[in-house]
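Q: Dropping the structure in here first, questions after.
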Amino acid sequence: MSKPIPLPSILKLNSLLKKSVFSRNFYQEINDKVLSQSATVDRNLYFICYFTLLLSSILDNKPKIRAFVSSQRNNLIKLISGSTPAQSEVKKATEGDIVRSNEAATSTANSKDKSNLAVHLKAISSYLSDIRIFNRLTDSIKYMPWIIDEYRALKDPAHAAPKLDRLINLVQALNCLVLELLENAGWLTDHNWVGTNNNEYWCIETYIWCSRVWGAYLVIEIIELFRRVPVSKWDKSWKINVFKQLVQVPLVVHWSLYDGCLSPFWVGVCGSCASWWDFKDLWSSVKI
């Protein structure tokens, strides 16, 4: 017979529910801080998109993961059992089990069974990626005030910032505009919203060049993080910012190549790592 739930636990749960799912303020917080702006929606979907891809890849490769873990465990047992002469009998007794275990692991790894959940998660990831690009179709308009401000700052002889910094700021703003226009072109040709002589070709080309422009943006951002920030200010926030930029570099390389270079697992890992902190900070701001 199962034990009854303690009264303090029930009271805590009741209090939590009143502050969250039964609270008007909870939903208002989500609306104001997550759903009201396209930028916060994208930050939210960024992590979910890559994390679902990562989970689907893990589920798809679960037999191989189990086989790898099993083989490593068996290798460790074999190493330990053969470490001293006194353990030779243990070694003989375990060798048969190790062989059988390795055979079973190999058989499992070669299994063609696919996880239904992995299929659904991969579909969710693909759909969210599509939504994110669609939501960015108007971002090129949002970049124009930034570009104009940076251009005016560059032309201002009395501006306090060094001219090199102002030039780089303008280049980065233009990079964002160009990559968004290329991404938009890729999405529009991919979904046949426009007609070309070969939509598939132009979709691939524009997406690839969008990724290459993004790569240039990332490289400049990383260089500037080291150039503009003195060593004395390399705090936790700065390190996280550098990491978020660096972990996106493999993604840029992957999408800048016609055949790619990463498996879905590593795409999911890099994307999840790059988006985790913004996702966490976004939801941490929602007060219960």
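The values are calculated or read from the model by the stated rules, or taken from the named source; none is laboratory data. Source: prediction; values computed, not measured. Methodologically, a virtual Cβ is constructed for each residue, glycine included, from the backbone with ideal geometry; neighbour enumeration extends over all protein chains shown. Surface accessibility is based on the protein's heavy atoms, side chains included, excluding ligands, DNA and RNA. Shrake-Rupley method; radii C 1.70, N 1.55, O 1.52, S 1.80 Å.
Q: When Kirkwood radius over Cα pairs in Å is calculated directly from the model, which label among (i) 23.8; (ii) 20.3; (iii) 19.2 fits?
A: Evaluating Kirkwood radius over Cα pairs in Å on these atoms matches (i).
Q: Ignoring ligands, DNA and RNA, please state the percent of accessible area on region 1-67 from carbon and sulfur, probe 1.4 Å.
A: Here carbon and sulfur together make up 65 percent of the probe-accessible area.
Q: Once both labels are modelled 7 Å past Cα along the beta-carbon direction, what's the Phe265-Asn14 spacing in nm?
A: 4.8
Q: Enter the Cα centre distance for the pair region 1-51 and region 118-151, rounded to the nearest angstrom.
A: Going from one Cα centre to the other spans 25 Å.
Q: Per the Debye formula with a single identical scatterer at each Cα and no solvent contribution, what log10 I(q)/I(0) holds for region 130-288 at q = 0.19 Å⁻¹?
A: Results for region 130-288 at q = 0.19 Å⁻¹ read -1.36.
Q: Something else: Once a ≥ b ≥ c are taken as the square roots of the eigenvalues of the Cα gyration tensor of region 208-281, is the result rounded (a/c under 1.5), prolate (a/b larger than b/c) or oblate (a/b not larger than b/c)?
A: Oblate shape, in that a/c is at least 1.5 and b/c is the bigger or equal ratio.
Q: Probe of 1.4 angstrom, ligands and nucleic acids ignored: what's the accessible area per residue over the chain, in square angstrom?
A: 64
Q: Next up: For region 181-268, which whole percent of the accessible surface, found with a 1.4 angstrom probe, sits on carbon and sulfur atoms?
A: Of all accessible area on region 181-268, carbon and sulfur atoms account for 65 percent.
Q: Using 0.36 nm per residue of separation minus the Cα-Cα distance, give me the extension gain between Phe68 and His191 in nm, one decimal.
A: Stretched out fully, the Phe68 to His191 stretch lengthens by 40.2 nm.
Q: Please work out how much length the chain gains when fully extended from His120 to Arg228, using 0.36 nm per residue of separation minus the C-alpha to C-alpha distance, in nm with one decimal.
A: 34.4 nm
Q: A further question follows. Return one number: the angle in degrees, 0 to 90 and rounded to the nearest 10, between the long axis of the Cα atoms of helix 7-19 and the longest principal axis of the Cα atoms of the chain.
A: The answer is roughly 20 degrees.
Q: Next up: What is the sum of charges around Ser38, taking Lys and Arg as +1, Asp and Glu as -1, for the other residues whose C-beta is under 12 Å from the C-beta of Ser38?
A: Charge balance near Ser38 sits at +2.
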